[in-house]
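Every number in this text was worked out from the coordinates using simple rules, so none of it is lab data. If you're wondering where the values come from, they're calculated on a predicted model, not measured in any experiment. Every residue, glycine as well, gets a Cβ built from its backbone with ideal geometry; the counts of neighbours run over all protein chains shown.
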């Protein structure tokens, strides 16, 4: 079993829909929770970051962390075709711990 | 606009040949990472350097892969000899002792 589990999809939604992306993890030492977005044939780029449990909102994007359930989510409101990409969750512990990535969920927003 | 650069962007080679990939991290960043990405496995960490010293290379096949940082502006990843199963996209990323990593555009490697 992997430390971080993520459904690879693909996930297809109509423009304007609310998208929910999720990851589960097994390592209770994880403290930093990130979402990276990766467009086709590009490198991943950081989209959202949350430290420990709680919610964080940035425009149309909301990241949630539930450490008691070892479950993190990314919500995209009013999804746009430009949101079509692969979304990777990522996590790390404190100090110089490495970042562990999920496999990524491929999202397609249909106009 | 500071970016991580990687060369070459594409590489096609025959099995058994040596492959060298290069990365220039963002100036001022003290951590450098090498990842391999495939459809089946996703992003796998191969090597992690901090202040040019290797911190974690547990994910790297030691018999054929090697990673070095000859200076602060250059990181290299070598595969010798290459095999078809090494075909993947190899990413370099750099950062500053934090959760955030800045990824390069990747090297798409095909070994025939």
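Quick notes on this one:
- Distance between the 7 Å Cα→Cβ label points at residue B:97 and residue B:74: 2.7 nm.
- For the protein assembly as shown, the spread of Cα positions along each principal axis, largest first, Å: 48, 39, 38
- Taking every DSSP beta bridge that has both ends in the protein assembly as shown, the antiparallel portion is near 90%.
- 10 Å Cβ neighbours from other chains, averaged over peptide A:38-46: 5
- Rg/Rg_ref, the stretch A:54-110, where Rg_ref = 2.2 N^0.38 Å and atoms are Cα: 1.29
- Long-range Cα-Cα pairs in chain B (distance over 17 Å), rounded percent: 49 percent
- Peptide-level mean, for B:39-47, of C-beta atoms on other protein chains within 10 Å: 4
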